[in-house]
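These notes are about the structure you will find just below.
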Amino acid sequence: MTVRNSKFQINTKGYTDIIDITHKVKNEVYKYGLKDAIVHVYVAGSTVSLTTIEYEPGLIKDFPEIMDKLVPASDFYHHDDTWHDGNGHSHIRASIIGNSVSIPLVDGALQIGTWQQVVLIDFDNKPRSRTVTLQVLD
Amino acid sequence: MTVRNSKFQINTKGYTDIIDITHKVKNEVYKYGLKDAIVHVYVAGSTVSLTTIEYEPGLIKDFPEIMDKLVPASDFYHHDDTWHDGNGHSHIRASIIGNSVSIPLVDGALQIGTWQQVVLIDFDNKPRSRTVTLQVLD
Amino acid sequence: MTVRNSKFQINTKGYTDIIDITHKVKNEVYKYGLKDAIVHVYVAGSTVSLTTIEYEPGLIKDFPEIMDKLVPASDFYHHDDTWHDGNGHSHIRASIIGNSVSIPLVDGALQIGTWQQVVLIDFDNKPRSRTVTLQVLD
């Protein structure tokens, strides 16, 4: 097997900012010219997530609204007793959603739906710079 | 390393239909006669998920009820302003649950609990045909 | 490719007990002396999860509180009609959070944040012994 690692940076606005990184992922993957592989997209950090969603204006509003209903930014979190940084909800949201997606490459094509994008979601309560790590294994 | 890809189809009823695909996964994996490997089970699409659950009649009722409490089908979603297809909740649920599971194969045995099944959950609001991609890497 | 499997046991108290397993994961991974690899951490079972979180006393209280708000232990679950073991909420929580994390190893360093730990969360309603399976693929 070969493990091919690459990284790229994403600047976010925080506050459940949802950023489509599909093109960056595809560019990195397709440059290797492989046929069959597994693509692992990963972001380090405890207030940021990766998942997939249909990236259209409606859902980009719906997703933050649902997250704020489930894990409200306005609630009290014990995390604030430790750090006083007001982002307890960011941590909990990130732990629920997770921070990687793994997508098969089959016959040279990334197996992602037409109406499905790979997104980075920054739950922190300030702008951040995030490093996405991409691994292509074949 | 070898990447072994295979695919199979699953017809669903939609509406958080939960389908046990453990036997299909095991059949595909065990036919290779491998000892140690990683098994990646994946479904493309933005209204469908893969996870594991104890597949028994009670939980098969509980899981959709909880999902409808957390992300109600009857709520308004901005997604409807874009597509008018009434499945905003389906998208949000799928983004939360995720669309792949990775299971170790150790000494020829898939490391899944006795009371644990790999399930496809179709959150869409109509019957669908879904393609599951299976990758076995060793 | 080489698939390196190892296992270790974790004893839990149940009731959304959150246990930091980062050191155990790092010890297993770093003993191989590899440069680039993918690390897959997995736990079998339908009432237990793996995720990452900043392991500090505040969040270790917040996470169980949020889970009990979203999927309350005190609610009725149809699962009880089948087994009468009172842990329907444990199963649902585990299916939502998932049971594995995959972390890149790049230039000999596990790509995990300074304020981010790999945790096992036992949602069952009694103490359990859990087996974590670790796969390092390069």
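The values are calculated or read from the model by the stated rules, or taken from the named source; none is laboratory data. In this text, all values refer to a predicted model and were calculated from it rather than measured experimentally. Cβ: placed from backbone, ideal geometry, glycine included. Neighbour counts: every protein chain shown. Note: accessible area is taken over every heavy atom of the protein model, side chains too, but ligands, DNA and RNA are not part of it. Shrake-Rupley method; radii C 1.70, N 1.55, O 1.52, S 1.80 Å.
The figures follow:
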read-out: Where the Cα pairs of the stretch C:89-138 fall when distances are cut into 5 Å bins, in %; value: 4, 14, 21, 23, 16, 12, 7, 2, 0
read-out: Axis-nearest residue of C (beta carbon) for the C-onto-A rotation, whole Å; value: C:1, 2
read-out: Alpha-carbon gyration tensor eigenvalues x 5, square-rooted, for chain A, Å; value: 30, 16, 11
read-out: For residues of B:87-99, the mean tally of beta carbons on other chains within 10 Å; value: 6
read-out: Exam field: residue B:84 pseudo-label spacings to other copies (7 Å along Cα-Cβ), nanometres; value: 5.4, 5.4
read-out: C-alpha long axis of helix B:57-70 to longest principal axis of chain B, angle in °; value: 50
read-out: Two-site FRET efficiency, residue A:7 against residue B:35, from Cβ-Cβ distance with R₀ of 22 Å, rounded to 0.05; value: 0.10
read-out: Size of the C/A contact, given as accessible area buried on both chains, probe 1.4 Å, in Å²; value: 2500
read-out: Unit Cα scatterers, Debye sum, the protein assembly as shown: log10 I(q)/I(0) for q = 0.06, 0.09, 0.15 Å⁻¹; value: -0.21, -0.49, -1.64
read-out: Cα-based helix-to-principal-axis angle, C:88-97 vs chain C, degrees rounded to 10; value: 30
read-out: Other copies of residue C:2: label-to-label distances in nm, shortest first, labels 7 Å along the beta-carbon direction; value: 2.0, 2.0
read-out: The protein assembly as shown, accessible surface, carbon-and-sulfur percent (1.4 angstrom probe); value: 50
read-out: Two-site label geometry, residue C:129 and residue C:61: point separation in nm, points 7 Å out along Cα→Cβ; value: 3.3
read-out: 1.4 Å probe accessible area per residue over chain C, in Å²; value: 38
